[in-house]
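S.K.: One structure is given below, represented as structure tokens, and several questions about it will come after.
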Amino acid sequence: MKIVEALNLTKSYEMGGETVNAIQDVDFVINSGAFVSFVGPSGSGKSTLLNMIGCLDKPSKGSLKVDGVDISTLNRQQAAKFRGETIGFIFQDFNLIPVLTVAENIEYPLLMVQNWPTNERQQRVKTLMEAVGIGDQANKFPHQLSGGQKQRVAVARALASKAKLILADEPTANLDHDTAFRIIDLMKAMRNEFDTTFIFSTHDTKIMDSAESLFTLEDGKLSQKIQGGQVR
Ligand code: ADP
Ligand code: ADP
């Protein structure tokens, strides 16, 4: 099963009368269950690409299918619904809600986006907190956690509503080296345990070795370096 299919995908921005191709005519396929990294320096187009896959931004040209749906045909409302049902997000600055506890942050999408029944919600939150290793932090607030713990909460939140695809834009950028590797390993373990797909971006060439499938981005152009763990 293919979870993402891009064909001749281009995203351009108009900047002071000039057209900048942030993503230029790229083709790729990502299979369900993959653990994929987009690697490239700042400005190479990683966020632009993830934002399109996440239905936060529309392609300028070409086609982009996510879970079989051509997302360039969706209007704003349909895109929001599709996003809520299909995709989970992890951010470099964690984006936790400061006035909610750990458990409430993880529960939030189940309550606000998907309206799960109370007992199922509570069970899901408990399962996820244990899976990501923060079972004893349920009633803490984000400011009481370390960076690594905050990112664990964010991973649990992204998994909460059983998203088929999780997008993580520079998830390790605000973590120290060892913590960064632990978060990548956690994401990989969660991919196995919860049967989902992870795509993460990074500018850190040390981190990229942890990916099973690797694409590099340079000036909006994409090339595949590793597929299924083998360098080609
Ligand atoms: P990365 O995530 O790899 O740092 P980005 O996707 O943020 O790269 O940016 C890729 C290119 O597109 C850069 O040249 C950037 O300046 C440009 N760009 C990104 N977003 C916009 C925007 N909203 N308007 C104009 N240019 C943009
Ligand atoms: P338009 O067709 O003029 O873009 P929409 O209401 O469809 O109007 O979208 C408004 C904005 O919402 C878009 O510019 C885009 O940023 C975002 N958006 C809407 N649909 C999608 C989609 N399918 N994927 C990504 N972003 C979308």
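S.K.: How high is the FRET efficiency from GLU120 to LEU7, r the C-beta distance, R0 41 Å, rounded to 0.05?
M.R.: 0.60
S.K.: Taking the Cβ of ALA173 as the center, what net charge do the other residues with Cβ under 12 Å away carry, scoring Lys and Arg +1 and Asp and Glu -1?
M.R.: That sum, taken over residues with Cβ under 12 Å, equals -4.
S.K.: Same structure again: Amide H of VAL4: which non-local residues (sequence gap of 5 or more, or other chain) have their own amide H closer than 5 Å, using H built in the peptide plane?
M.R.: Hits under the 5 Å cutoff: ILE30, ASP67.
S.K.: So if we plug the beta-carbon distance of GLU193 and GLN77 into 1/(1 + (r/R0)^6) with R0 = 35 Å, what FRET efficiency do we get, rounded to 0.05?
M.R.: The value I calculate is 0.60.
S.K.: Take each of the peptides 6-17, 34-45, average the number of other beta-carbon atoms within 10 Å over its residues, and list them starting from the highest. Spell out each step's value before the answer.
M.R.: Numbers: 6-17: 13.8, 34-45: 20.1.
Result, highest mean Cβ count within 10 Å first: 34-45, 6-17.
S.K.: Label ASP176 and ASP219 with points 7 Å out from Cα along Cα→Cβ: what is the distance between them in nm?
M.R.: My value for the distance between the label points is 3.9 nm.
S.K.: Any chance you could run the full-extension gain for PHE141 through LEU100? It's 0.36 nm times the residue separation minus the Cα-Cα distance, nm to one decimal.
M.R.: 14.1 nm
S.K.: Right, next: Wrap a convex hull around the Cα atoms of the chain, take a quarter of its surface area, and give that in square nanometres.
M.R.: The orientation-averaged projected area of the Cα hull of the chain comes to 13.0 nm².
S.K.: Given the peptides 81-92, 157-168, arrange them by the average over their residues of other C-beta atoms within 10 Å, most packed first.
M.R.: 157-168, 81-92
S.K.: Next question, about the same structure. Just how far, in whole angstrom, is segment 174-227 from segment 88-126 if you go by their alpha carbon centroids?
M.R.: Using only Cα atoms to place each centre, the spacing works out to 24 Å.
S.K.: Could you name the lysines in cross-link range of LYS188, using Cα to Cα under 24 Å and dropping any fewer than eight places away on the same chain?
M.R.: LYS2, LYS46, LYS65, LYS126, LYS150, LYS162, LYS164, LYS206, LYS225
Every number in this text was worked out from the coordinates using simple rules, so none of it is lab data. In this text the structure is predicted, and so the values were computed from the model without any measurement. Cβ sites come from the backbone with ideal geometry, for glycine too, and all protein chains shown count toward neighbours.
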